[in-house]
Each structure stands twice: as C-alpha cells, then as structure tokens.
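For reference, the structure discussed in these notes is given below.
The values are calculated or read from the model by the stated rules, or taken from the named source; none is laboratory data. If you're wondering where the values come from, they're calculated on a predicted model, not measured in any experiment. No Cβ is skipped: glycine too gets one built from the backbone with ideal geometry, and neighbour counts run over all protein chains shown.
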Amino acid sequence: MSASPGLDAGDREAASKGPSIPAFRVARSKRMHVYVLIASVIIVGVLASVPLWSQLSTSSNLITLFELVVLAQMWNLLGGFAGLVSVGQQAYIGIGAYGLWLLADEFHVHPFIALAGAATLAALVALPIAPLLFRLRGGYFAIGTWVFAEIMRIIVSNIQATGGGSGTTIMSVASIPFKTRIHGTYWIGLAAAVGSILIVYFLLRSKIGLGLTAIRDNELAAQSSGVNLFRSKLIVFVIAAFGCGAMGAVLGLQLLFIQPASSFSVNWTAFAIFMVVIGGFGSIEGPLIGALIFFVLQQTLSQQGSTYVLLLGAIAVVMATVAPRGIWGWVVARWDLHLFPVRRGLVMESPPERAGPAAPSEAAAASDAS
Amino acid sequence: MNWVNIVLQGILLGGLYALFAVGLALVFGVMRMVNLAHGDLGILAAFIALALVQSAHLPLLWASLLTIALMFGIGYVLQRGLLNFTLGSDDTRPIVVTFGLSIIIQNGLLLGFSADSRGLDAGAIENASIHISNQLAIGWYPLLVFIAAVAVIAALQLFLNRTKLGRAFRATSDDREAAELMGIDNRHIYALAMAVALVTVSIGGIALAIRTTFDPSTGPFNLIFAFEAVIMGGMGSVWGTLLGGIVLGVAQVLGAQVFGAGWGILCGHAVFLLVLALRPSGFFARTVTT
Amino acid sequence: MSVLELRDVNVFYGDFQALFSLSLTIEEGQTFAVIGANGAGKSTMLKTVAGVLRPRSGHVLFEGETVDHVSAHDRVSMGISLVPEGRRVFPSLTVEENLLIGAYRGREGDWDLESVYELFPLLKPLSKRQSASLSGGEQQALAIGRALMSNPRLVLLDEVSLGLAPVVIKRIYEAMEELPGRGTTILVVEQDVQHVLTVADHVACFLEGRISLQGTPGELSPDDITAAYFGI
Amino acid sequence: MTVVLETAGLKKSFGGVLVIDDLSVQLDEGEALGIIGPNGAGKTTLFNLMTGVHRPDGGRVVFKGRDITHLPRQDRCRQGIGRTYQIPKPFSDMTVFENVLVCASYARGMSERASYQRCVETLELTRLTDRANQRAGKLTLLNRKRLELARALAGDPTVLLLDEIAGGLTEAEVEELIVTIRDLHAEGTSIIWIEHIVHALLATVDRIFAINFGRKIADGEPEDVMRSDDVQACYMGGTPV
C-alpha cells in the first residue's frame, strides 16, 4: 500500500509496495440526474411565476402546500434519517409564529426579515433542550418532545402580551397591502419549501449525512468508527427546529391571526407523520409525495373535520404496519430509482491490475451506484 | 389556606396519576414499547362507562366493572391483532402506529360523543370530606382514588411476584428468547400485558371522569402525566410510579397555588425537567433501560 | 425407537450455510456428545432441534414424528428442553423463580424443586437470591436445573463448560451422570473434549457443518478425535 | 521498544459472573500479539474494554502513555485504535464504499473528499474494489469480514484489534488473510489478533498471550506458549485425563 503523496503518512514510514492505486473517481450522480435537475429548475421556475398570472386564491392555497413540504422534510430528517421520532415539532412551529409576532410587532422589524429571526429563535431554543431530551430514548423521547411543546403552549397562553389563550393578530403584517403580502408570503413559502429540500439534500451528501446514515444502520459500529452520536443528533435536531420555526413564521404571515391552541397543536405532528408514513420514510422524495397527497386530500376532504382526521390516522396506522417503507420505498424496491442522488458511487477509471489469480474485473460501472 | 391541606391534595392527586402511569410502565417493562395511545385508551374507558350509565342505565359501579372487563379484552385484541406486528428491529414503528391510534381514538370519540366535556356522577361521595381539624379536611373521593391506586399497585406487585403468569411477564422482560425456550409464547404474554395495562388505565380514566370533566382530547394530557410519573419514579419499579405521581401532583397543586391556576401544570413539567436533568434514571432506578 | 433423528438437515444464516445435509440419530437414554471447533455448526444443530432455527430443507423427528412445524415454545411441552449457550438465566428473578419458570409448560415427572436441589446442592442456599448475582458455575447449574424442571425426555446442553473452572465443570458432569438413570436422554455440545468424553456413550465430531467422525468413545483414539476436531 | 497500548489490573464482571480478573497486557509499538483462549475466556470482553464498548470495574487502559479508561468510544477510534467485530456489524443499507468512507473520514477527522484516496487504498488491500458499490447487507461472510478489516484500516489506526477475523473462512481464504495481515505488520502497524485458528497466528504474530477465566495463563514465544501444558489443558479442555 504505497503512501500516496498529499496524504499525511502519519508518523510511520510506509513501505511502498503492493498494488499501485488505480485512477478512480467518485460519481455522485448519473446522467439521468441532470434531467431531474433541469426538470426541478423548470418546476420551481413555473411555481415562482404563479402569482404573476393566477388569482390570489391559488397563490394563498399553494402557500399551505409549501408549509406542508417544509414540515414533512423536517420531520423526516429527524424520524427518517436520525431515528428520532418527535411528537413535538409543533413547539418550534409555535415559536416561529410567535417569534414573528415578537420581532415584527414588538421590535418593529420588517415581517419578511423577522421571519428569518423567528426561525433562528426556534433553533436557539432547541439547542439547550436537546441534551435533556436525548437522555430519553425511543418512545419516551417522543413523549419528551411532546412535553416541551406543551410547556411552550402553556407559557405563551399565560403571557398577556401575546393575547394569552385567545391569540393575537400580527399588526405589522396586517398593515402590508393584501396583494403584496400574499405574493411576498408565497415567494418566501416557496423559498422555504425548496430550502428545506436543499438543506436535507446537502446534509445527506455531506459527511454529517454519512454519519447519520451510519448511526441509523448500526449505532455501535458508527461510534466505533469515530462518529459522535450526540453531536450528529444535535445538529439534525437544531436544523429541524430552524425549519419548523420558518414554517411557523410563514404560517403567521399567511394567517395573520395566531393562537397557542393552533400554532402549538399536536395535529401538526399528526399531519407530518401521515405525510412521511404514506410518502416513505428515510428519503427526500417520500415526504415530498406525502405532502402532495396530503395537500390534495386537505383541499378536497377537509370539510368533514374529525372523520377526515380519523381517516388520516387509520391510513397512517395501516401503512406503518403493512408497508412501512411507504410509496417511495416501494418505488425504490421495485426500480431502485433515486431522484435526489445522495449516494456515492466508486468508478475505477482503468480496470485495476492486481497480482494473483483474481479474474480481471470489468470497470466497476457506476450504473449500480444507486 | 394552609399548606398542609394543599400538599395533601397534591399527594392524593398523585394517586390518580399513578393509576395512569403504572400501565405505561408495565407495557414498557415487558416489551420495551411505549404506547402513545395510553392516555386516550383511559379516556375511551371513561366514555364507555358514560355510555353504559346513560344509555344502558347501569349504575356507575356496574358500568365501571363492565367497562374494565371490556377494556381487558380490547387490550388483548389490540396487541395480538395489531401492535405485535409493529414490534421488531425498527423501534420507530410502534411509536408511529400508537400515535396514529391516539388520533383514531380521539376523533372517533369526537364523532361519537362530540367535543363537549362530560362528567361521571358518583353521587354524594364526590364532595364528602373528613374533618380532621378546623383547618384540615380531606375529601373522601380523592382519598378513595389514592387508596385504589395503592391497591392496584399492590395487586400488580403481588401478581408479578407471586403468580406463575406474573413470573412469565418478568422472564419475558429479562430475556425474550430464553423465555421462549421455557415454553412461554411471547405473543400471548404481550397481549396479556397490554390487557392488564388497559385495566389499570381504565380505572384511572373512570376515576378522572368522576373527579373532573373530560372530553375526547383529554387523553394526551394523561399520557404526559403518566410519562412524567414513570420517568421521575424510575423506569424499573412499580412503586416508583406512585412516588413519581405524588411528586407530580404536589408540584402541580403547589404551583397553581403560588403562581396562579394557569401555571400549575407548568410547574409539574418544570419539576419533571429538573429531575430529568439531575437524576435521569429516576428515584427508584432498579433497571436503567439503555 | 430413536428419541431424536435429523434427516439431511440444511440450515442457512442468510446466504451462509451452517449445516450441510446433516443426519443424526440418538437413542433413548443415551448421552450423545457433539464436539468440534468454534463455528463448526454445533450450536446451530442444537438450535434447530429446539425450534429456534428453521432448516431450509430436511426434517427433525422427535420420537418418530416430524416436529418441523412445531414452534420452539411448543416443543418444550413435547419434552425437548434446551440449556442455551451463555446460560441466559433470568437475572431479575431469584434462583427459585428461575426454576419455577422452567416448569411453566411442565410435564408430569419426578423433577421438582427438591429433586433439582438434590442434584445441585449448591443451589439450595441461594434459592432466594437474584440469579444476576450468581457466579458462572452457579448460573450453569441453575440453567440445567431450570431445563430439568420441565421433565424433558431430551435435554439439549450448549457449551456447558463455557468459562467455568475445571472443578466446577467436574461437579456438573458428575451431576449429569445421574440423568440417564431417570430416563432422560442427553445431547450435549462441547468444546471441552476431555470432560465430555468421560460422560458420553456416543460421540460425533463436527467440522464445517458436517460430521467428520462418529462412534463410541472406546472405539475412537485421541488422535482420531484431534484430527477430526481440527480437520488436519 | 515503547509500549503503545496496555491494560493494568483490568477487572470486569457482569452481575455475579467475573469475566476479566486483574488482567495486564502490553503491546509494543509495531508488535503483533496473538491472543488465544477457549470460548468464554473473556477475549472479546477485553477488546470491548480497550475500545470503550464497556467500562471496566477496575484497572486502567493506557494508550500511547495516556489513560483512556473513560474516553468515549468515538474518541478512542479517532486516537488510532481500529477494531473489527467478531460478528460483523456492517452498515447494511449503505454500499461497501460508503461503509469504508465513514471510517476514513470520521476516524481520521478529515473531510469526505480527502478520504476518498484512503478508501480506495483499503478496498484494494482487502480485495473489495469490485464490490465497492454493492449494498453491505448483501455480502457473503468472507466479504463481510473483509469489510470489517477494511473499515478498521481506513481509519489509519496505530493499533489494529482483530477479533476472530479468520473464523468460518475456508483454508484458501485464511491464507489470503494471513498475507494481508503480514503486510500490515511489516509496515509497522501494531496488531492484537484474537483467533482460534492457531496456524494463522503462528504464521503472523511475534508473541502469543493465552487467557482463561479472564486471567493470564501464558505469554511469550508462539511455539513455547502453544506447547505449554496449561494452554493444552485449557484448550483441549479440563485437566488431562
């Protein structure tokens, strides 16, 4: 194993013998991903143009879709990739909504900018809480996150300035002309949705993503390979809080009126679980599909109230028991299709000549680099 | 108001929380599964009792006993028919499924009974109290609930330690595969454990329904209180859940007295977080589950 | 009539084959020893008999009937009892409680608390102690006693001498010598060749999932055994 | 020769069962040490104490002169202790290349891009290049063992702990493994190898340490240790008849 230049050979002198290292490259994506990229850019472009040519109602409806996409991606980042099933992401949605109110109305920051501040506030709150919650594991962690959400809800409900339990209207947002507000919120919502997908995508392509997938597959082996469990989970937990915070702020912009019972409602978790379980755990495409399905259901069926939510719960229970990988899991199992290339494929430039009788191996084509 | 009375009220309230907590601890102890629908199942029992009293015109006592028997069956079928299939390598599945169950129960009850709050009437007992001194009086009903909690826990302790089935529960909890080699069918044991857990949570649900009003959305609060009592009590011991419940009850009652009605529950949560930070394995940590 | 018979049993762990069309017959009252190096398939065979593992092909017959479809917990009530590798006593239960669990699906027979304490006197003073605090030897005796409590016709013992001091192993093997007299057939898997040969009346040596040697201890010389053991 | 890794008076018991009983082992820099002993002797537990999987009840683990007895697992790996598991623990959903990449990047604290080179070197060394893009969960036993070795090597360890890596392999596969490990030894990597296949040890290690009931039974030249009566006794079992 020759000590190749550029690599710090450490404190020992490596005898250079053994097979020379053949040229190689690491393929992150395949040709078809170029088309996926082009298609995505086109879709986002079209979506961005919607406010310019469609009625306002379409725009404001689509804002809800963007919020659902952010929620699904963030919940899946926690539950699908890091194995942290949270039943309390509504805590950060609420902090996002009330953070927007705080910064916009109390500190007179322009609402569109206050949104980023609100999301950061959610992340900052998550930082000290995470180490406490990580002492709990599995189902008890889930209820622990729920307790924190309840704590936030009670605190906000008991502060007079926020209008207490009956809620408040974000005045500085209400003062923006209706058309500008809807369009502004639409574009911010779109940016948040695309941003949430990109955050998860680049996180998974990064070293942190590699560590996360290793933890999910075998925690002990990951630690023995040098992966710091606590740090990886903390990063993901804070990012998910930031994402949910942003989503809560967009909600504030969209609805104008916010109250603890809705911003901190556990239904957000129910919707998130439904989307990820139906769409597919542990991938970027799964929650995206789940969000689309849920959005369509919500637009068509939501008048029935609790029958609708009952139906959602029943579908989620059946899917989680019978087809735990969800729709996209089935697609991957069937065609091994990956729209978002997060895997790494090794492509040997020339077939490696190796001493010994091993049969000449054809170039390890990247085709199966899923 | 003298403080002794308040603390006493808190202690007695702890008995109610222990009734909710002991079933959660049992299910986790035997099969390492946390049932997020645990609180809702207790409220389901309250509604069943309510239906038996109102439409079947059964006296409350008989309605309660029938409900508890019914919940035993529901627990067995629920575990054997559904939850056993979610147990396995991926431990996120039972959490998601039981959360889905919680959504189903809440909305099912909303459809069946609407959202208005209800109460179970237990007659004069509810506000009778024992006058110990001119300042100190204990309500009969909260005392009865506390005694019921102690009785349930004692019965469960006896069951686990003295009976053949109870030993099978503990053996399965220690080493599931070795228990299988002794001729113990885990699927049956898990279903029985869930059935027993639902008996205890039904007693809690009915006791709560008599004490205060309840509606389909009350379930999750009871799950959270049960969870906090289990964690503070230490995840290994049945009696620990009673102590955890008492600490929670006292914290809530004192909090409400000191900071005002809205802040009582919050004080309970605050004490819970404190215990989690300082002594993560709880007071009675016999078996610390990693 | 044979108590246990394996016919062309093939067992896989995923894509790794552990047993290669293995056939074996054990007569009533025998003490049948299976020796072999680590990874030779000894434990796999025992687990297949106990129903913990399902063979991909071939059959397991107990008292003449195929038991392939019978689950592990039901085989106990038929009379098959496994003392698993690593003993796996129930740590939070006391010694006596462990023994009572052994009788959970108990069959009629003369094994009860008293007779087990008689067989392993060291356990009697420990009866109320939590088994987690027992030493290795004490746990091994408890694991065997627990298996006997179900009054089995066939006792399967997996690596009895694992991590035990020689003097303890001697005592356990002496106790085992009493079993055949009570109509119990023993199938013991062991790496510790020396001791098991003193007890066994029939020996088979496993090598990489196949039987490399079979016969009575008298017929087999130490060299044959070492050769079959190491496959050299 | 300086001692690179040692345990001093190590003690560990699980409940009442004493597994490691006052055990002191030294490994010199660049030395290859074989460890033998019957099942249940405490060999794997010794590795678990060295790599932080378990905490000892007593005694110390010292690496390059520093007491790492209470250092968390991931930090021990980063300090340069690489380990293979007796029962392979692959990241089954990830590809072979990604499995090795985790260690090459995290164990060495380097960026992903800077670790590609190390990954390919290790895959070449362990003959896994052809299967680089295969899911680790689908590998045969031999390749899983090779992956364990590749992951341990990818972290550029100063000390390599091998736990029965030759177990369950065919004769030819064992020979191939011996060649690889001898190369590593020649390049100066310090190695501790727990193994039942004695001839593989004899062909590779400088010294053999025999352990039973968590205590040292013999320690010295490979041939002498294998011939010593105690080892024969505890290996073939019981007091010789």
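Quick notes on this one:
- Residue in region B:218-234 that is outside any helix (DSSP H, G or I), more than 16 Å from B:Leu12 (Cβ to Cβ) and among the acidic types (Asp, Glu) present: no
- Test: residue in region A:94-102 that is in a helix (DSSP H, G or I) and over 10 Å from A:Gly245 (Cα atoms): yes
- Checking the stated criteria, D:Val17 turns out not to satisfy the condition of being within 14 Å of D:Lys216 (Cα to Cα) and either among the hydrophobic types (A, V, I, L, M, F, W, C) or outside the structural domain of D:Ser228 (by TED's automatic domain parsing) (or both).
- Verdict on D:Thr126 being polar (S, T, N, Q), surrounded by 19 or more Cβ atoms within 10 Å (Cβ to Cβ), in contact (Cβ under 8 Å) with a residue 40 or more places away in the chain and outside the structural domain of D:Gly168 (by TED's automatic domain parsing): yes
Quick grid of which residues meet (1) within 11 Å of chain A (Cβ to nearest Cβ); (2) under 14 Å from D:Tyr85 (Cβ atoms):
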residue: D:Ala114; (1), (2): yes, no
residue: D:Glu121; (1), (2): yes, no
residue: D:Arg127; (1), (2): yes, no
residue: D:Ala132; (1), (2): yes, no
residue: D:Thr140; (1), (2): no, no
residue: D:Leu149; (1), (2): no, yes
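To keep it simple, each residue is scored yes or no on (1) away from chain A (no Cβ under 13 Å); (2) under 25 Å from A:Thr307 (Cβ atoms); (3) in contact (Cβ under 8 Å) with a residue 40 or more places away in the chain.
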| position | (1), (2), (3) |
| --- | --- |
| B:Leu44 | yes, yes, yes |
| B:His57 | yes, no, no |
| B:Ile68 | yes, no, yes |
| B:Leu82 | no, yes, no |
| B:Arg93 | no, no, no |
| B:Thr98 | no, yes, yes |
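Quick grid of which residues meet (1) part of a strand (DSSP E or B); (2) of a type outside the set (Gly, Ala, Ser); (3) touching a residue at least 24 places away in the same chain (Cβ under 8 Å); (4) within 14 Å of chain D (Cβ to nearest Cβ):
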| residue | (1), (2), (3), (4) |
| --- | --- |
| A:Ala149 | no, no, yes, no |
| A:Arg153 | no, yes, yes, no |
| A:Gly165 | no, no, yes, no |
| A:Gly189 | no, no, yes, no |
| A:Ala192 | no, no, yes, no |
| A:Ile197 | no, yes, yes, no |
| A:Leu204 | no, yes, yes, yes |
| A:Ile208 | no, yes, yes, yes |
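- A single member of D:Gly52, D:Gly15, D:Gly9 is of a type outside the set (Lys, Arg) and within 14 Å of chain C (Cβ to nearest Cβ), and it is D:Gly15.
- Of all residues in region A:223-242, none satisfies being at the interface with another protein chain (Cβ under 9 Å from one of its Cβ atoms), surrounded by fewer than 19 Cβ atoms within 10 Å (Cβ to Cβ) and among the small types (Gly, Ala, Ser).
- Among the numbered conditions (1) closer than 22 Å to A:Arg325 by Cα; (2) facing chain A (nearest Cβ under 7 Å); (3) buried (at least 24 other Cβ atoms within 10 Å of the Cβ), the only one that D:Val102 does not meet is (1).
- Residues of region A:243-265 satisfying the condition of being more than 16 Å from A:Ser60 (Cβ to Cβ) and within 16 Å of the chain's Cα centre (by Cα): A:Gly243, A:Cys244, A:Gly245, A:Ala246, A:Gly248
- Subset of region C:183-232 (residues that are charged (D, E, K, R), within 13 Å of chain D (Cβ to nearest Cβ) and either touching a helix residue (DSSP H, G or I) at 6+ places or on another chain (Cβ under 7 Å) or not in a loop (DSSP other than H, G, I, E, B) (or both)): C:Glu190, C:Asp192, C:Asp223
- Restricting D:Val100, D:Val53, D:Val3, D:Val17 to those that are over 30 Å from A:Asp217 (Cα atoms) and either touching a Pro at 6+ places or on another chain (Cβ under 9 Å) or touching a residue at least 12 places away in the same chain (Cβ under 8 Å) (or both) reduces the list to D:Val3.
- Filter pass, D:Ala8 being more than 30 Å from A:Gly209 (Cβ to Cβ), in the same structural domain as D:Arg215 (by TED's automatic domain parsing) and outside any strand (DSSP E or B): no
- Here B:Phe72 does not fit the description of being more than 30 Å from A:Asn218 (Cα to Cα), surrounded by fewer than 21 Cβ atoms within 10 Å (Cβ to Cβ), within 14 Å of chain A (Cβ to nearest Cβ) and among the hydrophobic types (A, V, I, L, M, F, W, C).
- A single member of C:Ala18, C:Ala40 is within 13 Å of chain D (Cβ to nearest Cβ) and either in a strand (DSSP E or B) or over 17 Å from the mean Cα position of the chain (by Cα) (or both), and it is C:Ala18.
- Top-ranked residue of region A:49-63 - restricted to ones that are of a type in the set (Val, Ile, Thr) and touching a residue at least 60 places away in the same chain (Cβ under 8 Å), ranked as surrounded by the fewest Cβ atoms within 10 Å (Cβ to Cβ): A:Val50
- Checking the stated criteria, A:Val277 turns out to be touching a residue at least 12 places away in the same chain (Cβ under 8 Å), within 28 Å of A:Val44 (Cβ to Cβ) and either under 13 Å from the mean Cα position of the chain (by Cα) or within 14 Å of another protein chain (Cβ to nearest Cβ) (or both).
- Tally, over region A:104-120, of residues that are surrounded by fewer than 24 Cβ atoms within 10 Å (Cβ to Cβ) and outside any loop (DSSP other than H, G, I, E, B): 7
- The single residue among C:Gly106, C:Gly58 that is surrounded by fewer than 21 Cβ atoms within 10 Å (Cβ to Cβ) and in a strand (DSSP E or B) turns out to be C:Gly58.
- Filter pass, C:Leu100 being touching a residue at least 24 places away in the same chain (Cβ under 8 Å), out of contact with any Ser or Thr (no Cβ under 7 Å at 6 or more places or on another chain) and under 28 Å from D:Asn39 (Cα atoms): no
- C:Ser81 surrounded by fewer than 20 Cβ atoms within 10 Å (Cβ to Cβ), within 11 Å of chain B (Cβ to nearest Cβ) and under 28 Å from B:Arg187 (Cβ atoms): no
- Pair list, Cβ < 6 Å and 6+ apart or interchain, from region C:207-228 residues that are on the phi > 0 side of the Ramachandran plot to residues that are among the aromatic types (Phe, Trp, Tyr) and modelled with pLDDT of 85 or more: C:Gly209/C:Phe20
- Residues located in region A:243-268, provided they are closer than 17 Å to B:Pro220 by Cβ and not in a helix (DSSP H, G or I): A:Phe264, A:Ser265, A:Val266
- Complete set of residues in region D:68-98 that are within 18 Å of the chain's Cα centre (by Cα) and either on the phi > 0 side of the Ramachandran plot or not in a loop (DSSP other than H, G, I, E, B) (or both): D:Arg73, D:Gln74, D:Asp75, D:Arg76, D:Cys77, D:Arg78, D:Gln79, D:Gly80, D:Ile81, D:Gly82, D:Arg83
- Residue match in region A:342-355 (condition: at pLDDT 80 or above, more than 30 Å from D:Thr180 (Cβ to Cβ) and surrounded by 14 or more Cβ atoms within 10 Å (Cβ to Cβ)): yes
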